[in-house]
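Novice: Have a look at this one before I ask anything.
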Amino acid sequence: QVQLAESGGGLVQAGGSLRLSCRASGYIFRINAMGWYRQTPGKQRVLVATITGSGSTNYADAVRGRFTISRDNVLNTVYLQMNSLKPDDTTVYYCSAEILGYGSERSIAYWGQGTQVTVSS
């Protein structure tokens, strides 16, 4: 059984910073791409940032230059450093990871439970 556990959300003033973490655990053979998404109630979940197993990154235009995604392949953890936060960044953030489990023939996308980020003006 594979699980993703997120942490690091909370309340911050505009211009402040937060760091989200997401650790994968379970019978993991290999983790391919990892990423962060966000979803406002009533709207579709949208990409924030992704990082491949080799470290290539991709960012949504809305966060490029303010957010940085990174990963620790030993700890099976992906991070999202969020700087210069704006009220528009307020929403629930979800991590995702494409994981190949032991004994599996293909990788599966797993999701974390979500963590709330609130930016006050």
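Novice: I'd like the full set of residues that are open to solvent by less than 40 Å² (accessible area, probe 1.4 Å) and assigned to a strand (DSSP E or B), limited to the stretch 95-119.
Specialist: 95, 96, 97, 99, 100, 101, 115, 117, 119
Novice: Looking at residue 22 and the list (1) part of a loop (DSSP other than H, G, I, E, B); (2) open to solvent by less than 60 Å² (accessible area, probe 1.4 Å); (3) closer than 30 Å to residue 103 by Cα, which single condition is not satisfied?
Specialist: Looking at each condition in turn, residue 22 falls short on (1).
Novice: Mind listing whichever residues of the stretch 68-94 are of a type outside the set (Asp, Glu), open to solvent by less than 60 Å² (accessible area, probe 1.4 Å), closer than 17 Å to residue 56 by Cα and over 11 Å from the mean Cα position of the chain (by Cα)?
Specialist: 76
Novice: If you check every pair at least six apart or on different chains, which have Cβ atoms under 9 Å apart with a residue in the stretch 15-34 that is within 20 Å of residue 58 (Cβ to Cβ) and touching a residue at least 40 places away in the same chain (Cβ under 8 Å) first and a residue that is open to solvent by less than 60 Å² (accessible area, probe 1.4 Å) and basic (Lys, Arg) second?
Specialist: 31/71; 34/71
Novice: Shifting gears a bit: Return the residues of the stretch 39-81 that are closer than 20 Å to residue 7 by Cα, in contact with a Gly (Cβ under 9 Å, 6 or more places away or on another chain) and part of a strand (DSSP E or B); say none if nothing qualifies.
Specialist: 39, 47, 48, 49, 50, 51, 69, 70, 71, 78, 79, 80
The values are calculated or read from the model by the stated rules, or taken from the named source; none is laboratory data. As the structure is a computational prediction, the values presented were derived from the model and not from experiment. Every residue, glycine as well, gets a Cβ built from its backbone with ideal geometry; the counts of neighbours run over all protein chains shown. Quick note on the areas: whole protein, heavy atoms, side chains included, nothing else; ligands and nucleic acids left out. Shrake-Rupley method; radii C 1.70, N 1.55, O 1.52, S 1.80 Å.
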